[in-house]
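S.K.: The structure is given below, and queries will be raised subsequently.
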């Protein structure tokens, strides 16, 4: 199999594999986005029983056995994927994801959910910026056009609920910091996959680091750590297995073939999935502006998608 040469777009080119693998990777990316988009529903179900930092800890801690089993299975089939437990990129990905979840929950507590969501959706901007300034990947026109469309769509999805309140500036700031950590997570996972680590090992190692950090945070924050009802336990298990194992795992799979710049647009698909599931499950109405926003996001992803490069 010939390797695809990076095109002039830089961020538009797949990082490792040939363009022949873009279709399955894109399917994994979309499925992962939907899985991650479900997470707010599970968090809402368990929120009366435990605090936000406790739910964030259980999201990653309960995912570890399944991720370990996936890693053993993947590396038994492909021994070449075995890597070191202390792979720097995977460890840094775990720290970045811990920062993402920590500041995301701080933002939810410090400002409106709409504001927190709005600022968190700027993560792809930081992915493009960091990749350009830190890695020398100059973004191409298609990537910038797709990003602009997704940003406009994201603003339309939550824009009607965004409020400017000086008393919530700290929460808004935390939402922006969330976006920075999420961007770093994408780039570290992409780097780990480019170094030859399997998707399962990257996700498992990063999740273990995140769990250790969030356990300390939950203990310091105080409050109940264990749910009181079977419904709460079920919600945490679903959060761990569907949103984390499924969502983050499929994202790691996709980042083996798709560039971080394009893959980071998944955060907008999360917003679309969350709005659609909120309508289907919770009966939350979708306004025409939100429908337009979802359409712009989908169109932006189509515009920014990587294309087959000449070998």
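The values are calculated or read from the model by the stated rules, or taken from the named source; none is laboratory data. All figures in this text were calculated on a predicted structure; none of them were measured in a lab. Here the Cβ positions follow ideal geometry from the backbone for every residue, glycine too, while neighbour counts run over all protein chains shown.
S.K.: Going through the stretch 66-81 one residue at a time, which ones are over 24 Å from the mean Cα position of the chain (by Cα) and free of Cβ contacts under 8 Å to residues at least 24 places away in the same chain?
M.R.: The answer is 76, 77, 79.
S.K.: Then there's this: Anything in the stretch 193-206 that is farther than 20 Å from residue 76 by Cβ and buried (at least 24 other Cβ atoms within 10 Å of the Cβ)? List them, or say none.
M.R.: 206
S.K.: Still on this structure: Is at least one residue of the stretch 290-306 outside any helix (DSSP H, G or I), crowded, with 16+ Cβ neighbours inside 10 Å and at pLDDT below 80? Break it down into steps so the answer makes sense when it comes.
M.R.: So the first thing to find is which residues in the stretch 290-306 are outside any helix (DSSP H, G or I), and the list is 305-306.
Pick out the ones that are also crowded, with 16+ Cβ neighbours inside 10 Å and you get 305-306.
Those still in the list that are at pLDDT below 80 too: 305-306.
Yes: the stretch 290-306 contains one or more residues that are outside any helix (DSSP H, G or I), crowded, with 16+ Cβ neighbours inside 10 Å and at pLDDT below 80.
S.K.: Can you list the helices (runs of 4 or more DSSP H) lying wholly within the stretch 155-257 that have 1 or more residues being within 18 Å of residue 103 (Cα to Cα)?
M.R.: On the way: elements: 169-194, 199-221, 230-238, 249-254.
Qualifying helices (runs of 4 or more DSSP H): 169-194, 199-221.
S.K.: So the check is Cβ under 6 Å with 6+ separation or different chains; which pairs have a first residue in the stretch 205-230 that's on the phi > 0 side of the Ramachandran plot and in contact (Cβ under 8 Å) with a residue 40 or more places away in the chain and a second one that's surrounded by fewer than 19 Cβ atoms within 10 Å (Cβ to Cβ) and outside any helix (DSSP H, G or I)?
M.R.: These pairs meet every condition: 223/51.
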